[in-house]
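Below is one structure, written out as structure tokens; the observations come after it.
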Amino acid sequence: MKIRLVFLLFFVNFLFTDALAEEEWKFEESPLCEDELENFYDPLEPFNRLMFKINDILDKVFLVPVSTIYKYAFPEFLQIGISNFVSNFFSPVAVINFVLQGDGEYVVKTIFRFIINTTLGFFGTVDVASKMGIDKKETSLGDTFKKWGAKPGPYVVLPLLGPGSFRSTMGKAMQIPIDPVAQISLASCKKNERRRLYYVIYGADVVVKRSRLLDITMEIEKTSDDKYVTIRNSIMALEK
């Protein structure tokens with residue numbers, strides 16, 4: 001049961017790339033609206049399309065309803081608090097990625113943000129650090145690979161890791177092993193309550209990210225002749 005739950009959380013978190021969730025771009029300004037879409041490297045297209053259909057069905061059945069309720073039924077202050085909390089919770093792995101990228105400025109800033117928001121911001125629900133002028137920067141292991149010079153590689157869609165370049169897919173697959181909070185929470189020697197708490201927080205992160213994409217994906221559903229191509233090209237354009 002626990003293994004199935006972990007797989008489910010992996011799946012719903014990566015149905016859509018994190019890059020889309022974190023980018024604050026408007027649909028009409030995105031690469032999707034160019035008259036001629038670039039042909040990105042997609043040698044596995046038949047397999048990718050099959051995985052895309054499976055992911056799309058499960059997304060509509062499970063994740064869209066939950067994310068819709070979260071976005072339109074939860075009060076805004078509560079959504080902000082949840083978003084701040086899960087972002088703060090995953091700060092330690094961000095610090096590791098900034099170390100690997102050699103970004104000393106954001107190593108220091110992210111550590112201070114984590115300490116300040118955890119202690120003064122009610123365990124991260126209030127972003128006190130931003131109010132103090134300590135800005136936030138998102139990163140991932142895929143960004144680290146990019147910093148090291150890794151090319152995006154081919155487009156890949158997997159049932160657990162979702163769509164992305166080969167580089168970002170490998171980053172998703174290897175993120176948890178380098179996440180100290182995940183390793184502490186999921187270690188077999190620890191109490192079951194810690195693992196359950198991690199699953200809940202991870203699930204909340206999934207819902208937060210998916211809720212940000214609701215309007216974008218609805219727009220794609222209405223306007224795109226081939227949703228697979230539209231999403232593929234937008235993701236790969238962001239990963240250049």
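Bear in mind that the values in this text are calculations on the coordinates, not laboratory data. Quantities reported herein were computed from a predicted structural model and do not represent experimental measurements. Every residue, glycine among them, receives a Cβ derived from its backbone with ideal geometry; neighbour counts consider all protein chains shown.
General observations
- Residue-wise HN-Hα coupling along the range 223-240, computed from phi with Karplus coefficients 6.51, -1.76, 1.60 (Hz; x: Gly, Pro): 10, 8, 6, 9, 4, 4, 5, 4, 5, 4, 5, 5, 5, 5, 5, 6, 9, 4
- Spin-label pair residue 115-residue 73: with each label point 7 Å from Cα along the Cα-Cβ axis, the two points sit 4.1 nm from one another.
- Förster-model FRET efficiency, 30 Å R0, residue 196 and residue 226, C-beta, rounded to 0.05: 0.15
- Equivalent ellipsoid dimensions for the range 161-210 as semi-axes, Å, which come from the Cα gyration tensor, largest first: 23, 15, 7
- Take the Cβ atoms of residue 151 and residue 123, set R0 to 30 Å, and the FRET efficiency comes out at 0.15.
- Approximating the spin labels as points 7 Å out from Cα along Cα→Cβ, the residue 219-to-residue 173 distance works out to 3.3 nm.
- Computed packing ranks the peptides 158-168, 93-103, 114-124 as 158-168, 93-103, 114-124, most packed first, by mean other Cβ atoms within 10 Å.
- Over 30 Å between alpha carbons, listed pairs 131/151; 136/240; 172/227; 109/172: 131/151
- Mean shadow area of the range 85-240, taken as a quarter of the surface of its Cα convex hull (nm²): 10.7 nm²
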